[in-house]
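The values are calculated or read from the model by the stated rules, or taken from the named source; none is laboratory data. All values derive from a computational prediction rather than experimental measurement. Cβ coordinates were reconstructed from backbone atoms using ideal geometry, including for glycine residues, and neighbour counts include every protein chain displayed.
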Amino acid sequence: MRFATIQTHLGPRAALLQDGSYIDLHATDPDLPASLRQLLEEGPAALQAASQAVRRGKVAQYPAAEVRLLPPIPNPPKIVCLGLNYSDHAKETGATIPKDPILFSKYATALIAHGDAIVLPPISKEVDYEAELVVVVGKQGRNLDPREALSYVAGYTIGHDVSARDWQLKKDGKQWMVGKTFDTFAPIGPVLVTSDEVPDPQNLGIQLRLNGQVMQEGNTRHMIFPIGDVLAHLSKVFTLQPGDLIFTGTPPGVGIARKPPVYLQPGDVVEIEIEGLGLLRNSVVQG
């Protein structure tokens, strides 16, 4: 199933994408929660009820072309990100392969949806692009075994870890969190694809195009720390919750590693495509 959050005249609503239309689940069945995060919190039975509701009688639907998408999970409990999680990306930056996951956070104020604009902050001149697979947690978990951790995944979406390199790398002590979480620096979407439709998340092609030119191309099989290990590691530190977003790192081809470096400019269009998940497109404007 492919879930989204759409803007309606009644506010944000959880929706199911089916046959080119988005079906407002709560309007179709008032027993279903209005938000996608709430739907995940209610567990697999609620997801099944959503699937059944759209098969019964009249549904509240909107043609995809007329819908304004919001981030699939607009209000995640946490946004956790991995740095240097692809061996080929670590190599291009000259970094040592990490022995433990390198972690930082973004905040919900950084989230934007497919079609929204990335805003370049006036106080940064080196804003870079990073295509990423994003894991959406489906149920609460603590101290997970890596072998069972994937069962805690609700699904996957596409993410863009926009990065102000001058803030991330040139400030005293290096400021990863600050450089990564300016407003609009976390585009995600367009939809959440449930895990049953992604048989092997460790074998997905990823491509980022900047103004139509391929800049990043890789595969999730090159992750240093696979998804199950990442979730298990995180769950030893804090409780995973439904709706948590985990950005899993980026493949090679980032702007800072190029000679000369390539940074985002006003008027640019960034497209990220991940096998089986769709296409995330965002324009770039000057703040």
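Table for the structure above
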quantity	calculated
All positions within segment 98-115 that are of a type in the set (A, V, I, L, M) and part of a helix (DSSP H, G or I)	Ala108, Ala110
Of all residues in segment 48-97 being polar (S, T, N, Q) and in a loop (DSSP other than H, G, I, E, B), the one that is modelled with the lowest pLDDT	Thr96
Tabulated pairs, segment 101-116, first more than 12 Å from Leu234 (Cβ to Cβ), second in a helix (DSSP H, G or I), C-beta under 7 angstrom, 6+ apart or interchain	Phe104/Trp176; Phe104/Met177; Phe104/Lys180; Lys106/Lys180
Phe225 vs. criteria in contact with a Cys (Cβ under 6 Å, 6 or more places away or on another chain) and closer than 18 Å to Asp88 by Cβ	no
The listed residue being in contact with a Gly (Cβ under 8 Å, 6 or more places away or on another chain) and surrounded by 21 or more Cβ atoms within 10 Å (Cβ to Cβ), out of Leu84, Leu40, Leu16	Leu40
Number of the exception - Val191 against (1) at pLDDT 95 or above; (2) surrounded by fewer than 24 Cβ atoms within 10 Å (Cβ to Cβ)	(2)
